[in-house]
Amino acid sequence: MSARNSQRSYGRIARLFHWATAALILIAIPLGLVANRLPYDTAQQLALKAQVFSVHKTLGVVVFFVALGRILWTLFEAHPVPLHPDRRLELWLARLVHWMLYISLVAVPLTGWVHHAAVTGFAPIWWPFGQGLPFVPQSEAVAATAGAAHWVFTKLMIGSILLHVAGALKHHVVDRDDTLRRMTRGINAPAMPVLARRSPLPLLTAVALFGLGAAVAAMPRGEPVTQAIATPTVPAAGNWQVSEGTLGLAVTQMGQQVSGSFANWTADITFDEVATNGTNGSVTVSIDTGSLTLGSVTSQAKSADFFDVTAFPQAIFTADILPAATGYEATGTLALRGTAVPVTLPFTLVIDGDIATMTGQASLDRRDFGMGATYTDEASVGFGVTVDVALTATRQ
Ligand code: HEM
Ligand code: HEM
């Protein structure tokens, strides 16, 4: 038995590649289907869902590299000739399905990976090379399109596998020929004439079907994508008007940092460089909690367990602005989820004429606000939450 293919048989390496990819894929598919459907109402359920997804993704990445190896190998190998060259339609269908399988071997894991790399959070890939991918930006829109493509392509892949297995079984049971045996045991099938010409039509059809799938995945979906960077929505009172800014937050989830931001918020700022009674001014920030995006865990973050945006659509930070060692600090209370907690936000301020630029950071503990009460340890969601504020304001 040779390592290489011949006109009549599959060699050891081609068969090893075939059955290794087949086994990996036949595990990855049910894992993906199950992971997607597992509930996540409690901390335990969420941890299990994340773990199943991590296995699915890690296995998927392995498939990607094995598939690349397999395709490279196939490029330099002979293809055993068909055992029924006269059955034109059957041959055409077999070739179409083989091309669909080859394309899906790359397209399915790649779209899953791009989806994963475009958002932070949830289930990590278990490997040491980071969770991102070169050239893939952090973008909800990219993630949504790649996720939709992954969904469509997995359906094309599953359909092709069903046809492929049905074809293999038909050869074995109905035709009683050596098609399956030469892939399982590597036997030499009877010698057959080599086909003079290989039509490019099956390949073109396979590419067209995946192109159609990609077009369906790229179609605009109902929900508009929320902008991560936004300007406050309502003109504020006070003697400074915010012209642009970001209100971000970051938390550790499954050991990885997930960051996001609120798209809609307003800030009333009264500020004077000269302190009166030890105070430089005051600030009131109103935050639309429903405008939060937080990587792939946005819906969990907005749910009743965490921000509970339906019951508490607004969070309000009211503070006095006081001089501090390295700039200023806003010292006051943050009212969130019906709980008011003292918060100090140290910040730096650069004033250039009538334009002020501030950046500040505060560290909060989600437990102070009763957030994620069922997540009693930091394994799935860390206790600490970092809030980052950066804004530019104009003197009125
Ligand atoms: C050949 C390898 C892979 C196969 C066969 C595969 C298959 C699947 C399947 C069948 C689903 C369920 C779709 C549904 O619910 O109908 C799924 C979902 C998913 N897969 Fe994969 N996958 C592969 C690789 C990957 C990789 C490499 C990643 C990421 C690194 C990944 C990430 C995901 C994610 C995030 C979902 C859920 C998508 C969503 O939110 O709708 N997959 N996959
Ligand atoms: C239990 C499931 C499977 C069975 C019984 C099976 C059987 C076979 C057989 C008998 C052949 C040889 C066909 C011929 O000689 O013309 C073959 C080829 C092939 N199989 Fe599978 N297969 C299975 C799963 C898969 C899976 C999951 C994939 C990939 C997603 C796959 C991809 C391919 C490809 C691309 C070829 C063509 C190889 C070439 O270029 O010559 N198979 N399979």
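The values are calculated or read from the model by the stated rules, or taken from the named source; none is laboratory data. Every value quoted in this text rests on a predicted model; they were computed, and no experiment measured them. Neighbour counts are summed over all protein chains in view; Cβ atoms, including those assigned to glycine, are modelled from backbone coordinates with ideal geometry. Heavy atoms of the whole protein, side chains included, go into the accessibility calculation; ligands, DNA and RNA do not. Shrake-Rupley method; radii C 1.70, N 1.55, O 1.52, S 1.80 Å.
Of note:
- Segments classed as strands (runs of 3 or more DSSP E), wholly inside segment 241-324, with at least 2 members that are in contact (Cβ under 8 Å) with a residue 60 or more places away in the chain, under 28 Å from Asp354 (Cβ atoms) and over 22 Å from the mean Cα position of the chain (by Cα): 265-276
- The number of residues in segment 186-198 that are without any contact (Cβ under 8 Å) to a residue 24 or more places away in the chain and within 11 Å of ligand 2 (Cβ to nearest atom) comes to 0.
- Among (1) within 29 Å of Thr252 (Cα to Cα); (2) among the hydroxyl-bearing types (Ser, Thr, Tyr); (3) open to solvent by less than 40 Å² (accessible area, probe 1.4 Å) - the single one Ser104 does not satisfy: (1)
- Against the conditions (1) within 8 Å of ligand 1 (Cβ to nearest atom); (2) not in a helix (DSSP H, G or I), Pro39 satisfies every one except (1).
- You will find that of Thr111, Thr120, the residue that is in contact with a strand residue (DSSP E or B) (Cβ under 7 Å, 6 or more places away or on another chain), more than 9 Å from ligand 2 (Cβ to nearest atom) and more than 27 Å from Gly186 (Cβ to Cβ) is Thr120 and no other.
- Close pairs from segment 105-130: first over 23 Å from Phe17 (Cβ atoms), partner part of a helix (DSSP H, G or I) and within 16 Å of ligand 2 (Cβ to nearest atom), Cβ under 7 Å, at least 6 apart: His115/His150
- Matching residues in segment 209-240 - criterion: being crowded, with 17+ Cβ neighbours inside 10 Å, at pLDDT below 95 and not hydrophobic (A, V, I, L, M, F, W, C): Thr226, Pro232, Gly238
- Residue within segment 149-164 that is hydroxyl-bearing (Ser, Thr, Tyr) and within 15 Å of ligand 1 (Cβ to nearest atom) present: yes
- Picking from residues in segment 9-25 that are more than 22 Å from Asp177 (Cα to Cα) and open to solvent by 30 Å² or more (accessible area, probe 1.4 Å), the one that is farthest from ligand 2 (Cβ to nearest atom) is Ile13.
- Flag if Arg181 is in the same structural domain as Ala23 (by TED's automatic domain parsing), over 17 Å from Val108 (Cβ atoms) and within 10 Å of ligand 2 (Cβ to nearest atom): yes
- The listed residue being within 30 Å of Ala50 (Cα to Cα) and at pLDDT 95 or above, out of Arg366, Arg337: Arg366
- Within segment 54-65, the set of residues being within 15 Å of ligand 2 (Cβ to nearest atom) and open to solvent by less than 40 Å² (accessible area, probe 1.4 Å) comprises Leu59, Gly60, Val63, Phe64.
- Near pairs, Cβ below 6 angstrom, 6+ apart or cross-chain, from segment 158-172 (assigned to a helix (DSSP H, G or I)) to any residue that is of a type in the set (Val, Ile, Thr): Ser160/Val97; Leu163/Val97; His164/Val97; His171/Thr179
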